[in-house]
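The next block holds one structure in the form of structure tokens; read it before the comments.
The values are calculated or read from the model by the stated rules, or taken from the named source; none is laboratory data. This is a predicted model, so every value here is computed, not measured. Note that each Cβ is placed from the backbone with ideal geometry, even for glycine, and that neighbours are counted across all protein chains shown. In case anyone asks, the SASA skips ligands and DNA or RNA and just uses the protein heavy atoms, side chains included. Shrake-Rupley method; radii C 1.70, N 1.55, O 1.52, S 1.80 Å.
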Amino acid sequence: MAKDMTLLWGSGSPPCWRIQIMLEEKQLQGYNQKLLAFEKKEHKSQEVLDINPRGQLPAFKCGNHILNESYAACFFLENQYKSQGNKLIPDSPDAQALMYQRMFEAFTLGQKMADVIYYNYKVPEEERHDSAVQRNKEALTAELKLWEGYLNKTDCCLAGKEFTLADVLVFPGVAYLFRFGLCSERYPALAKYYTSLKDRPSIKATWPPTWQSTPAQDTLKTV
Amino acid sequence: MAKDMTLLWGSGSPPCWRVQIMLEEKKLQGYDQKLLSFEKMEHKSQEVLDINPRGQLPSFKHGNIVVNESYGVCFYLESQFKNQGTKLIPDDTDQQALMYQRMFEGLTFYDKVAAVIYYEYYVPEGERHDSAVKRNKEALDTELKLWEGYLQKLGAGSYLAGPSFTLADVVVFPTVANLFRFGLSAQRYPKLGEYYGLVKERPSVKASWPPHWLENPKGDEDTLKDV
């Protein structure tokens, strides 16, 4: 039941957003939730540590079950609420395989995005190198070209015609790319994917609140 | 059917090993397979690129279906062969939830191990720093303490999600095995040591043990001896 669930989350964080989209898709609105601020280090508060010893968001409790890893929460919810809301794991082996392939490739996409967007945050000043910045940018460009290719070949969603768990898990990262200034002209298939899904009810209902009130960044505009 | 399956793999690579353990657990022995050498850059050969444009191992085909992400293969096989071999996703919700949580924490675990073991492979010479090496070791130490704690809470003889061997063990054990291969101290991490001792005897794990580890029983034991 949604009222036995608690989500501590941060605005714009793709892992948090995945769980929120999932809860909407499975008709589990009405869960307890609290928006926390990374900038104020609220992810390291006792309230979070009590659920997630890693001091990370999302921190998610489903009854007695702790599922802080966003993919874990989404898989568990799909299993437990299989016959409620939208069916997110297709039966067809081809579609299923493609869904699994894309959702796990998305970790690579996320890593390459983070290497560029968070370079200065993750790498202490004395360890930074222009060669690394350049290499990270080239790696992200190559990765994005792969995803352009994937999205050029499909009808609407990552695993084919139907919206699946792959889209729940990957869309937030794609939205993040455009939030950070990715150029739509250079990546039209990704832009089309982004535009076509941003009005999906589960996505619209959970759009990051801070994205509505603060300006986007242009970190990725030359990628 | 196993004979419609092809696996291109490298010895000792945790992602490849996960798939091999999975195929054994689901009684899918008899698949086509080829051992390739990372050192000879065989993962960038046309044979691999034809299945996996990323030029990475594992590369896995089932008929016309291609899945190259190891977790993807594991989930796909468990779904397609649910009624065959070992049941790897428990129905019991406590174990199931814990299984999923540990499986995905397993990715962070693998990253922290790889950051130490493969530092010189990932980072070009001109960009290496002692401060980074130190930080990566400390991060690994913190991560290892977490997993010691997880195993401690479950008690002796337990698998990662409780009393049964699950998908969590399929995907995380290869990382743990690599830790001991590279010299992690079982004195300092007794729970991980017990877990390693327990799972290494499992038939699926024995059947897929990295061949070059059998040829050279002593690995690079200096890498993690101080962690």
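Applying the selection to region A:133-178, what residues are among the hydrophobic types (A, V, I, L, M, F, W, C) and farther than 22 Å from residue A:201 by Cα? Spell out how you get there, then give the answer.
Of region A:133-178, the ones among the hydrophobic types (A, V, I, L, M, F, W, C) are A:133, A:139-140, A:142, A:144, A:146-147, A:151, A:156-159, A:163, A:165-166, A:168-171, A:174-175, A:177-178.
A:133, A:139, A:140, A:142, A:144, A:146, A:147, listed by residue number.
Of all the residues in region A:127-167, those that are within 10 Å of another protein chain (Cβ to nearest Cβ), open to solvent by 10 Å² or more (accessible area, probe 1.4 Å) and in contact with a Ser or Thr (Cβ under 7 Å, 6 or more places away or on another chain) number 1. Please count how many residues of region B:9-45 are in a loop (DSSP other than H, G, I, E, B) and under 18 Å from the mean Cα position of the chain (by Cα). Here the count works out to 6. Only a single item in (1) touching a helix residue (DSSP H, G or I) at 6+ places or on another chain (Cβ under 9 Å); (2) within 19 Å of residue B:137 (Cα to Cα) is not met by residue B:183, and it is number (1). Being open to solvent by 10 Å² or more (accessible area, probe 1.4 Å) and out of contact with any Ser or Thr (no Cβ under 9 Å at 6 or more places or on another chain) is the requirement here; does residue B:80 meet it? Considered against the rule, which asks whether it is open to solvent by 10 Å² or more (accessible area, probe 1.4 Å) and out of contact with any Ser or Thr (no Cβ under 9 Å at 6 or more places or on another chain), residue B:80 comes out as yes.
Within region A:5-31, track down each residue that is open to solvent by less than 20 Å² (accessible area, probe 1.4 Å) and of a type in the set (Ser, Thr, Tyr). Steps first, answer last, please.
The initial filter retains those residues of region A:5-31 that are open to solvent by less than 20 Å² (accessible area, probe 1.4 Å), namely A:5, A:7-8, A:10, A:12-13, A:16-17, A:19-23, A:25-26, A:28.
Within region A:5-31, A:13 is the sole residue that qualifies.
Would you list the helices (runs of 4 or more DSSP H) that sit entirely within region B:135-227 and hold 3 or more residues that are among the β-branched types (Val, Ile, Thr)?
Values: elements: B:167-181, B:190-199, B:203-207, B:211-215.
Fully inside region B:135-227 and qualifying: B:167-181.
Of (1) open to solvent by less than 20 Å² (accessible area, probe 1.4 Å); (2) outside the structural domain of residue B:98 (by TED's automatic domain parsing); (3) hydroxyl-bearing (Ser, Thr, Tyr), residue B:223 satisfies all except one. Which? Condition (1) is where residue B:223 drops out. Before we move on, is residue A:115 out of contact with any Cys (no Cβ under 9 Å at 6 or more places or on another chain) and either facing chain B (nearest Cβ under 7 Å) or within 20 Å of residue A:150 (Cβ to Cβ) (or both)? So residue A:115 fails the test. Selection of region B:96-109 for residues being more than 7 Å from chain A (Cβ to nearest Cβ), buried (at least 20 other Cβ atoms within 10 Å of the Cβ) and among the hydroxyl-bearing types (Ser, Thr, Tyr) yields an empty set.
Go through region A:98-144 and report how many residues are free of Cβ contacts under 8 Å to residues at least 24 places away in the same chain, of a type in the set (S, T, N, Q) and under 28 Å from residue B:75 (Cα atoms). Counting residues in region A:98-144 that are free of Cβ contacts under 8 Å to residues at least 24 places away in the same chain, of a type in the set (S, T, N, Q) and under 28 Å from residue B:75 (Cα atoms) gives 2.
Of B:141, B:169, which residue is at pLDDT 95 or above and crowded, with 21+ Cβ neighbours inside 10 Å? Result: B:169 is the single residue among B:141, B:169 that is at pLDDT 95 or above and crowded, with 21+ Cβ neighbours inside 10 Å.
Scanning for something hydrophobic (A, V, I, L, M, F, W, C), touching a strand residue (DSSP E or B) at 6+ places or on another chain (Cβ under 7 Å) and either over 25 Å from residue A:55 (Cβ atoms) or outside the structural domain of residue B:75 (by TED's automatic domain parsing) (or both), does region B:141-160 turn up at least one residue? Yes, because at least one residue in region B:141-160 is hydrophobic (A, V, I, L, M, F, W, C), touching a strand residue (DSSP E or B) at 6+ places or on another chain (Cβ under 7 Å) and either over 25 Å from residue A:55 (Cβ atoms) or outside the structural domain of residue B:75 (by TED's automatic domain parsing) (or both).
Return yes when residue B:75 is outside any loop (DSSP other than H, G, I, E, B) and facing chain A (nearest Cβ under 9 Å) and no when it is not. Show your work before the answer.
Values: outside any loop (DSSP other than H, G, I, E, B): yes; facing chain A (nearest Cβ under 9 Å): yes.
Yes: the conditions hold for residue B:75.
A search for C-beta distances below 8 Å between a residue of region B:52-69 that is more than 7 Å from chain A (Cβ to nearest Cβ) and at negative phi and any residue that is among the β-branched types (Val, Ile, Thr) and open to solvent by less than 20 Å² (accessible area, probe 1.4 Å), counting only pairs 6+ apart in sequence or on different chains, returns B:56/B:48; B:57/B:48; B:58/B:19; B:58/B:73; B:59/B:48; B:60/B:19; B:60/B:67; B:60/B:73. Residue count for region A:53-110 under the criterion of being more than 21 Å from residue A:203 (Cβ to Cβ), buried (at least 24 other Cβ atoms within 10 Å of the Cβ) and more than 10 Å from chain B (Cβ to nearest Cβ): the result is 1. When region B:46-62 is filtered for residues that are out of contact with any Pro (no Cβ under 9 Å at 6 or more places or on another chain) and part of a loop (DSSP other than H, G, I, E, B), the ones remaining, listed by number, are B:50, B:51, B:53, B:54, B:55. Screening the candidates B:226, B:130 for the property of being touching a residue at least 60 places away in the same chain (Cβ under 8 Å), of a type in the set (Asp, Glu) and within 30 Å of residue A:119 (Cβ to Cβ) yields one hit, B:226. For region A:1-46, give me each residue that is more than 15 Å from residue A:62 (Cα to Cα), of a type in the set (A, V, I, L, M, F, W, C) and in a helix (DSSP H, G or I). Correct list: A:17, A:21.
For region A:155-177, does any single residue satisfy the condition of being of a type in the set (A, V, I, L, M, F, W, C), at pLDDT below 95, closer than 19 Å to residue A:10 by Cα and not in a helix (DSSP H, G or I)? No, every residue in region A:155-177 fails to be of a type in the set (A, V, I, L, M, F, W, C), at pLDDT below 95, closer than 19 Å to residue A:10 by Cα and not in a helix (DSSP H, G or I).
Among the residues of region A:32-52, those that are more than 14 Å from every other protein chain (Cβ to nearest Cβ), open to solvent by less than 40 Å² (accessible area, probe 1.4 Å) and either over 21 Å from residue A:211 (Cα atoms) or hydrophobic (A, V, I, L, M, F, W, C) (or both) comprise A:36, A:37, A:45, A:48.
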